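Inspection log for the structure reproduced underneath, given as structure tokens.
The values are calculated or read from the model by the stated rules, or taken from the named source; none is laboratory data. The model shown is predicted, which means the values in this text are computed figures rather than measured ones. No Cβ is skipped: glycine too gets one built from the backbone with ideal geometry, and neighbour counts run over all protein chains shown. Side chains included, ligands, DNA and RNA excluded: accessible areas come from the protein's heavy atoms. Shrake-Rupley method; radii C 1.70, N 1.55, O 1.52, S 1.80 Å.
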Amino acid sequence: MSNILQSQSSPYLQQACQQPVNWQPWGKDAFRKARELDKPVIISIGYSSCHWCRQMSRDNYEDSYVASLMNRHFVCIKVDREERPDLDLFYMEASRMFNQSAGWPLHAFCLPDGAPFWCGTYFPKEDNGQGIAPWPQVLLRIAEHFREGRDELEENGQNALANLAHSNNANLSDPREWNKNSLIEAGQILCQAHDDETGGFTPSPKFPSPMKMDFLFALKESQAVRTNPNFSKRINFCLQKTLGAMASGGLFDHVNGGFFRYCLDRQWNSPHFEKMLSDNALLVSTYSRSWRNFQNPQDREVIQKTLAWIEREMSNPQGGYASSLSSETHQMEGAHYLWNHQELVQALGSKDAEEMKKIWGPFAKNTTDLYFPKFSNDCNLAADKQAEILEKLVRMGTDKPQRDEKMSCAQHALLVRAFTDAGLALGDISLLSRAEKLLKWMESAFLLPDGSVSSLLYPDQSNSSFGFLEDYTYWIEAILSFGAISEAFNLGKLKDWLEKAEILMHQTVGLFKDPNLPGYFSSSEEMENPWPIRKKSWYDHAMPSGNSSLLRCFSILGEIGSDSAKWCSEYQEALGGYPKLIKQSPDGIGHALCAQTEQAVGVVEVNGPIHLIQPVAEKMTNLSHRPVYFTQEKELSVRINQKKVEIKVSDHQELIEKLWI
């Protein structure tokens, strides 16, 4: 018997449509039902490729007894976090306020009006000896507390709402408190937090940190770092150590290409096997910066294999790319990527199978017959022989992890930047052409008839009726990133791309700007079924925060946009959100720090004849990343942050030396 989720467009919600839980989609009807029945609400938030979301479903939601408890005592709402990132942001912050772990599936226990009074993540059906309360026990305890101690829960809910509203602006300060020295201090803090032994900027679990590393790459270009050899050397070490560890370890799929979500251990050996388009797009951009800085062949290989995986496994014949691949196959996490002895013998032959088993070792301590293939630098087997073996382990056929077919505007914008960054880094014009093609496809896929942006294109070809801050700002960043080099490669006019960016920028201001205080809300006031408190996203998570992304948009448009005075004013106002955050949590605002650093170093405009600007753009494959915007003109002129720079050169090499050396 199906529930009403069957009519939803989200693949994640449709996965639950046959469960015996009376799931409701987020909306006014669900909360009206909760008020009429006077029941507490369970809001379960997850996403399609999440292993623990699926495990929670198998353990609990598909069980008739557990479902009867949920239906009897609660109104149950299911939310796809990729469909409603605003709700995910709201309830995830609430979970942290209740000192609970943050992750998915996320469960918020709420009053009938949606105010959270307690949160949690994964719960087993029965006591598994790991100190996590069984889900049926949690349900009965909370139902009893709602009946017998409701006043306390209502107090919790009201306090949570007050704190969530306050946190929007808790760290605001005068923009004049910002200064360039804060960027150096932030870089020093990040480098101090670096794990020098195994790479990474946090303890386990180890997540890739593309925004932090992009900031450090930008900081390397500042005069303060260029003239400080010790600090420059330290930044280089942190970047190369972490990027090398990620590429060499289990985070990277050495057989199929692409990066997994994160690693459970400090040594980067044991990944959580889901793959996200967004993670891979961001990491392609970061490894592109690395290749331009260090010319490490491993970086180039990672870029090429990741882009090949994206095209092979994530592309749709009708255009666009899927959002993610599930971490599990046949209900086992990592089954697609792990090999047992018999499978290895069948694929490699007995001799090679035995040799590789010794090199790789068992995948985890609790198993002796599962192996995770990867390239090894600590063995005597030649690199080309290892590559040959890994190629034999690409699993063919249809037995692959399930793909979430919905398409995300924000993720496609990140992919445009990845194609652009990789095209410049590798000197590959075909990647730049793919970026242009994808930008044009996005207009047909995500622009609604009224000119506003849709966040998602579903498998049934319907669109979500609204967009979020990140959909707009990432798209603007993508346009600006591609527009920067478009004229150098005869791929359109910069002024045309700027016009598109500014149209979206004006919409962004109208939809998301807080009229009273610095910062932009994640959701529009006009959105259908909003939550009463609109949140502002200041911190980066798996993707950059919307307000961080805005800083780069304002910064670039303030230098080269047609309405530059307005965008300069917006940039200065937006800085008011960051002086305190730079001191308190620089590790959480890498994208904002990167934008501020690039602005401080200088946004470069190079105007000149094609025979001069094109060779400069082509040479950027081994020049460090800087925001450089090319325009075809008869005479050469250069401006940095709108100030004309007197440069007299006879060829492109002299121009490169003036700008980079």
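When Rg and Dmax are taken over the Cα atoms of the range 220-351, they come to 17.6, 58 Å. Isolated cysteines in the chain, defined as those with no second cysteine Cβ under 4.7 Å, comprise Cys17, Cys76, Cys110, Cys119, Cys191, Cys238, Cys263, Cys379, Cys409, Cys553, Cys568, Cys594. For the range 73-122, the fraction of alpha-carbon pairs lying more than 17 Å apart is 27 percent, rounded to a whole number. Per-residue Karplus couplings for the range 459-473, computed as 6.51 cos²θ - 1.76 cosθ + 1.60 with θ equal to phi - 60°, are listed in order as x, 7, 6, 8, 10, 5, 8, 8, x, 10, 3, 5, 4, 6, 6 Hz, Gly and Pro entered as x.
Stretched out straight at 0.36 nm per residue, the stretch from Ala542 to Asn169 would grow longer than its current Cα-Cα span by 132.1 nm. Computed with a 1.4 Å probe over protein heavy atoms only, the accessible area of Lys583 comes to about 150 Å². Remark: C-alpha extents of the range 109-265 on the principal axes read 66, 50, 25 Å, sorted largest to smallest. Restricting attention to the chain, close to 70% of DSSP beta bridges with both partner residues there are antiparallel.
Computed across the range 1-96, the Kirkwood hydrodynamic radius from all distinct Cα-Cα pairs reaches 13.6 Å. Using the Cβ-Cβ distance between Ser101 and Ser562 with R0 set to 45 Å, the FRET efficiency from 1/(1 + (r/R0)^6) comes to roughly 0.40. Counted over the range 597-661, the DSSP beta bridges are approximately 60% antiparallel.
Enumerate by residue number the GluC sites (Glu not before Pro) in the range 153-214 meeting two conditions: DSSP loop (anything except H, G, I, E, B), and at most 16 other Cβ atoms within 10 Å of the site's Cβ. Those satisfying the criteria are Glu197. Per-residue Karplus couplings for the range 434-440, computed as 6.51 cos²θ - 1.76 cosθ + 1.60 with θ equal to phi - 60°, are listed in order as 5, 4, 4, 4, 5, 4, 5 Hz, Gly and Pro entered as x. Among the GluC sites (Glu not before Pro) in the range 244-330, which ones are in a DSSP loop with at most 11 other Cβ atoms within 10 Å of the Cβ? Mind listing them? Here no loop site has a sparse enough neighbourhood. Debye sum, Cα scatterers, the range 498-542, no solvent: what log₁₀ I/I(0) at q = 0.17, 0.20, 0.29 1/Å? Taking Cα atoms of the range 498-542 as identical point scatterers yields -0.58, -0.76, -1.07.
A cut-off of 5 Å between modelled amide H atoms, ignoring neighbours fewer than 5 places along the same chain, links His625 with no other residue. With the convex hull drawn over the C-alpha atoms of the range 505-661, the volume per residue is 150 Å³.
Enclosing the Cα atoms of the range 323-414 in their convex hull gives a volume equal to 146 cubic angstrom per residue. Run through the range 538-638 and list the GluC sites (Glu not before Pro) located in a DSSP loop whose Cβ has at most 16 other Cβ atoms within 10 Å. Counting only loop positions with at most 16 other Cβ atoms within 10 Å, the GluC sites (Glu not before Pro) in the range 538-638 are Glu633, Glu635. Relative to the compact-globule estimate of 2.2 N^0.38 Å, the Cα radius of gyration of the chain comes out at 0.98. Amide H contacts under 5 Å for Tyr578: Ser173, restricted to partners 5 or more places along the chain or on a different chain, H placed in the peptide plane at 1.01 Å from N. Relative to the globular-protein estimate of 2.2 N^0.38 Å, the Cα radius of gyration of the range 424-520 stands at 1.19. Projecting label points 7 angstrom from Cα along Cα→Cβ for Glu185 and Gln346 puts them 6.1 nm apart. The distance separating the Cα centre of the range 324-371 from that of the range 72-144 comes to 35 Å.
The HN-Hα couplings worked out from phi for the range 197-214 by the Karplus form 6.51 cos²θ - 1.76 cosθ + 1.60 (θ = phi - 60°) are 7, 10, x, x, 10, 9, x, 5, x, 9, 9, x, 10, x, 5, 5, 5, 4 Hz, whole numbers, x standing for Gly and Pro.
For the range 302-373, just run the numbers: alpha carbon Rg, then divide by 2.2 N^0.38 Å, N being how many residues it has.
Against the empirical 2.2 N^0.38 Å value, I get 1.39 for the range 302-373.
Computing FRET efficiency as 1/(1 + (r/R0)^6) for Lys33 and Gln158, where r is the C-beta to C-beta distance and R0 is 25 Å, gives about 0.70.
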